[in-house]
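Heads up: the structure comes next, in structure tokens.
The values are calculated or read from the model by the stated rules, or taken from the named source; none is laboratory data. Here the structure is a predicted model, which means the values were calculated and not measured. Heads up, the Cβs are rebuilt from the backbone with ideal geometry, glycines too, and the neighbour counts pull from every protein chain shown. The area values use the complete protein model at the heavy-atom level, side chains included, leaving out ligands, DNA and RNA. Shrake-Rupley method; radii C 1.70, N 1.55, O 1.52, S 1.80 Å.
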Amino acid sequence: MNITELHMREYLNIPIGLRPLHMWRCYMLKNHPGLLVIRNPFTFTGQRYWIARSLRDYPLAPNIVNLDAKHFSSNTVSDWWRELHKCTEKSIAHRLKTSMRWTTLGYHYNWDTKAYDEAMHTLFPIDLFSLSQYFAYVLGFPNYIPQAGIINYYPIGTCLSGHTDHSELNHEAPLFSYSFGQTAIFLIGQNTQEEQPSALFLRSGDVLTMSRESRLCYHAVPRVMKTQKEPWNDFLTIPQWKSKEFFNNSMNFELYDQVTDTCFWMPFNRYIADSRININVRQVFSSDDCL
Ligand code: SIN
């Protein structure tokens, strides 16, 4: 552990499931100031942990999912993952699997009004809070407060059209985007739709942040495609930090251990074998308003 990591341990809980800082590879795009990609700083257990949290736990009520009571049973709306795995009829299971497209956390984004409604608020998951604060601290945003999350689920063949994320009142704070599973082509343009976008691959474990000028730029995911590598199954190449010293109280240790069990991991592996998950974290209000 170096001095920076020692200092951060005093200040923050360092989440488990991450490689040590000196192994991170961080890239900026010349013509997109404020856009930064950290290429997979996660260990394989770390990747599995966030995949399992996004599938099993984050969609649980009272968090909000795109599945509505008109088309799905109330059990499915409140616990989609459990219902998917109880389902033995292949075509119904396929419909359940591919219908889940998003879950919102913390301050819930209202897709109709395109605003955050202060009345629509549930607890922001403490582990994701801690993870995002850690990345923010490392990247020079020590006052960052994660307040809203959107988990996007992309079965292969789905996409996300061009948009800007301007509904947050705080545009100074960065937006964090964690990718897991299959590979996405990510397009990032400028403030208007007239400019040519740049394209990059987002692979499993990659962390993208948008701050400063890039924070309000148009972006899109035109394609999700089968990955060549599965770092969530890559036991050998990544050193694991399993020492008690690095344990962070905000994480679900039971789940962190369970995801290395082949039987437990099997349903998650089946899902992620042909899907991508994106966890998107934002600060909605200014830090002063939150004190
Ligand atoms: C988003 O812009 O909301 C999601 C981007 C992604 O899936 O990488």
Completion exercise
Within the range 139-151, residues being open to solvent by less than 20 Å² (accessible area, probe 1.4 Å) and more than 20 Å from residue 57 (Cβ to Cβ) number 1
Practice task
Run residue 181 past the list (1) within 16 Å of the ligand (Cβ to nearest atom); (2) surrounded by fewer than 21 Cβ atoms within 10 Å (Cβ to Cβ); (3) at positive phi and report the number of the one that doesn't hold.
Solution key: (2)
Practice task
Please tell me if residue 191 is open to solvent by 10 Å² or more (accessible area, probe 1.4 Å), at pLDDT 90 or above and away from the ligand (no atom under 11 Å from the Cβ).
Solution key: yes
Exercise for the section: Could you tell me whether any residue of the range 49-62 is open to solvent by 20 Å² or more (accessible area, probe 1.4 Å), more than 23 Å from residue 266 (Cβ to Cβ) and either in contact with a Ser or Thr (Cβ under 9 Å, 6 or more places away or on another chain) or among the hydrophobic types (A, V, I, L, M, F, W, C) (or both)? Expected result: yes
Exercise for the section: With the condition kept exactly as written, say whether any residue in the range 228-243 is part of a loop (DSSP other than H, G, I, E, B), modelled with pLDDT of 95 or more and either closer than 30 Å to residue 169 by Cβ or away from the ligand (no atom under 16 Å from the Cβ) (or both). Expected result: yes
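Just to be sure I understand, how many residues within the range 99-128 are closer than 29 Å to residue 266 by Cβ and open to solvent by 50 Å² or more (accessible area, probe 1.4 Å)?
Going through the range 99-128, the residues closer than 29 Å to residue 266 by Cβ turn out to be 99-105, 125-128.
With open to solvent by 50 Å² or more (accessible area, probe 1.4 Å) added as a condition, the list becomes 101-102, 126.
The qualifying residues number 3.
I'd like to know if the range 103-126 contains one or more residues that are more than 21 Å from residue 284 (Cβ to Cβ) and out of contact with any Gly (no Cβ under 9 Å at 6 or more places or on another chain).
No, the range 103-126 has no match at all.
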Completion exercise
Only unsatisfied item for residue 76, checking (1) under 18 Å from the mean Cα position of the chain (by Cα); (2) outside any loop (DSSP other than H, G, I, E, B), is (1)
Handout entry: Failed criterion for residue 136 (all others in (1) within 15 Å of the ligand (Cβ to nearest atom); (2) open to solvent by less than 10 Å² (accessible area, probe 1.4 Å); (3) of a type outside the set (Asp, Glu); (4) closer than 21 Å to residue 49 by Cα hold)
Key = (1)
Problem - Total residues in the range 159-178, condition open to solvent by less than 20 Å² (accessible area, probe 1.4 Å), modelled with pLDDT under 95 and farther than 15 Å from residue 109 by Cβ - result: 2
Problem - Output for the range 194-227, where each listed residue is open to solvent by 60 Å² or more (accessible area, probe 1.4 Å), under 27 Å from residue 284 (Cα atoms) and among the basic types (Lys, Arg) - result: 203, 212
Practice task
Kindly indicate the residue of the range 1-46 that is open to solvent by less than 50 Å² (accessible area, probe 1.4 Å) and in a helix (DSSP H, G or I) and also modelled with the lowest pLDDT among those meeting that condition.
Solution key: 5
Fill in the blank from the handout: Checked pairs for the range 112-123, first free of Cβ contacts under 8 Å to residues at least 40 places away in the same chain, second assigned to a strand (DSSP E or B) and open to solvent by less than 90 Å² (accessible area, probe 1.4 Å), C-beta under 6 Å and 6 or more apart or across chains, list as 117/110; 121/107
Exercise for the section: Looking for whichever is of a type in the set (Phe, Trp, Tyr) and touching a Pro at 6+ places or on another chain (Cβ under 9 Å) here; the options are 50, 80. Which one fits? Expected result: 80
